[in-house]
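Reviewing the structure listed below.
The values are calculated or read from the model by the stated rules, or taken from the named source; none is laboratory data. Being a predicted model, the structure only gives us computed values, none of them experimental. Here the Cβ is made from the backbone with ideal geometry for all residues, glycine too, and neighbour counts use every protein chain on show. The protein model used for the area step is the full one, side chains on, heavy atoms only, and it has no ligands, DNA or RNA in it. Shrake-Rupley method; radii C 1.70, N 1.55, O 1.52, S 1.80 Å.
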Amino acid sequence: MFNYEVVVCTYNGERYVLEQLASIVSQTIPPQRIIISDDGSTDNTLPLIARFAATTPVPLDVRPRTVGPKGPAHNFLHALSLSSAPYVFLSDQDDVWMADKIEHYLRAVNDVSDDSQPLLVFSDAELVDSELKPLHSSFLQNERLDPAQQLAFSRITFQNCIQGATVMVNRVLLEKLKPANHMMMHDWWLGMIAAAFGQLVFIPKPLIKYRQHESNVVGSSGYGGKRILSKFAQLPAVARQNRLVIDQAANFYEIYGDSLKKEDKNFLGEMLKSQRFVLWQFFLFRFSITRTTITRTISLYFLY
């Protein structure tokens, strides 16, 4: 038996949420509980969930958020704080899980030699449109992301390759989790914790249908020539984005610095000391910091 819970974050999700919940309770290995953290929906989301709860043996624990900052990152942190199982899966409100998703994650967990350390497991996702028609077989390929190159702490600090809707974490990681003032997204922050103190495991298979629609908070637009040109046309915005990445890394050092491995502590310490233009380029070169495309790497060197 695999003892796990699912946290689902909702906000005005009446159009798709029932399809997602149905895919979760229909897993070949069902969850012990589904925790739903609602961020103040004003549509029919909560009544629909209440009616769905009466149709399934899987307990649904609905917790509306009434205090604290809004947005998916804070909503997921709230949902995770309500969990108690040894393993917890994150779920968006508008995707659909493959029926055997949990079987793949259970095999990944069983292959980990030491689960007494923080563990984060994630997978690829199939991109689909609002009606679940296929758009691309791989979210990661569409975004030019490669987990094989990006899971080391020094790499994930500067580029997130984790698709949050595919994440599973263990209880040890959640006990290590501390919120941050400069956390860009919850999946990135969780990934940095796993990379620094435990293990990141990637399943190279699309195990959810990642729905693309007009209301996506975070979606997938691909990484073709049009997107690259638009980035160069908005250099100040790209530079601000890089600054947010650096602020997040600095915040991580502030919170976890005393318990980091020596090499990771030195890496972040050197980063904080290298915040002038020439010193910054030397830092990136010295630690061989790259992203998964040339243009993304260039943005770090020249748009700081």
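Over the Cα atoms of region 101-204, compute the convex hull volume and normalise it per residue, giving Å³.
With only Cα atoms used, region 101-204 gives 115 Å³ per residue.
Counting only DSSP beta bridges with both residues in the chain, what percent are antiparallel, rounded to the nearest 5?
Around 25 percent antiparallel, to the nearest 5.
What per residue convex hull volume, in Å³, do the alpha-carbon atoms of the chain yield? Walk me through the numbers on the way to the answer.
Working: hull volume 40.7 nm³, N = 304.
Taking the convex hull of the Cα positions in the chain, it is 134 Å³ per residue.
222 nm [θ] for the chain, helices only, -39500 (n - 2.57) per DSSP H run of 4+, per residue, to 500?
Details: 14 runs with 129 residues, N = 304.
Computed mean residue ellipticity for the chain: -12000 deg cm²/dmol.
With no solvent and one equal point scatterer per Cα, compute the Debye intensity ratio I(q)/I(0) for region 242-302 at 0.14 Å⁻¹ and report its log10, rounded to two decimals.
Listed by q, the Debye log ratios stand at -0.40.
Out of the total accessible area of region 239-290 (probe 1.4 Å, heavy atoms of protein only), what percent is carbon and sulfur?
After summing per-atom areas, the C and S share lands at 56 percent.
Kindly express, to the nearest 10 degrees and within the range 0 to 90, the angle between helix 101-111's C-alpha long axis and the longest C-alpha principal axis of the chain.
The helix 101-111 is inclined about 60 degrees to the chain.
For region 1-111, just list the percent of Cα-Cα distances falling in each 10 Å bin from zero outward, please.
Reading the bins upward from 0: 15, 49, 31, 6, 0.
Can you give me the Cα centroid spacing of region 259-304 and region 116-161 in angstrom?
Result: 22 Å between the Cα centres.
With +1 assigned to the C-beta of every Lys and Arg and -1 to the C-beta of every Asp and Glu, and no other charges, what is the dipole magnitude of region 16-95 about the Cα centre in debye, to the nearest 20?
Roughly 280 debye, rounded to the nearest 20.
Using a 1.4 Å probe, what is the accessible area per residue for the chain, in Å²?
On the way: 13840 Å² over 304 residues.
For the chain, the per-residue accessible area is 46 Å².
By how many degrees, between 0 and 90 and to the nearest 10, does the Cα long axis of helix 277-286 differ from the longest principal axis of the chain?
With rounding to tens, the tilt is 70 degrees.
Where in the chain lies the longest segment free of GluC sites (Glu not before Pro) that are both loop residues by DSSP (not H, G, I, E, B) and have at most 10 other Cβ atoms within 10 Å?
1-130
So how tilted is helix 235-256 from the main axis of the chain? Cα-based, degrees 0 to 90, rounded to 10.
With rounding to tens, the tilt is 80 degrees.
Strictly over 32 Å apart at the Cα level, which of Lys101/Lys262; Lys70/Lys101; Lys209/Lys273; Lys178/Lys209 would you flag in this model?
From Lys101/Lys262; Lys70/Lys101; Lys209/Lys273; Lys178/Lys209, over 32 Å: Lys101/Lys262; Lys209/Lys273.
For the chain, what is the charge dipole size about the Cα centre, in debye to the nearest 20, if Lys and Arg each add +1 at the Cβ and Asp and Glu each add -1 at the Cβ?
1020 debye
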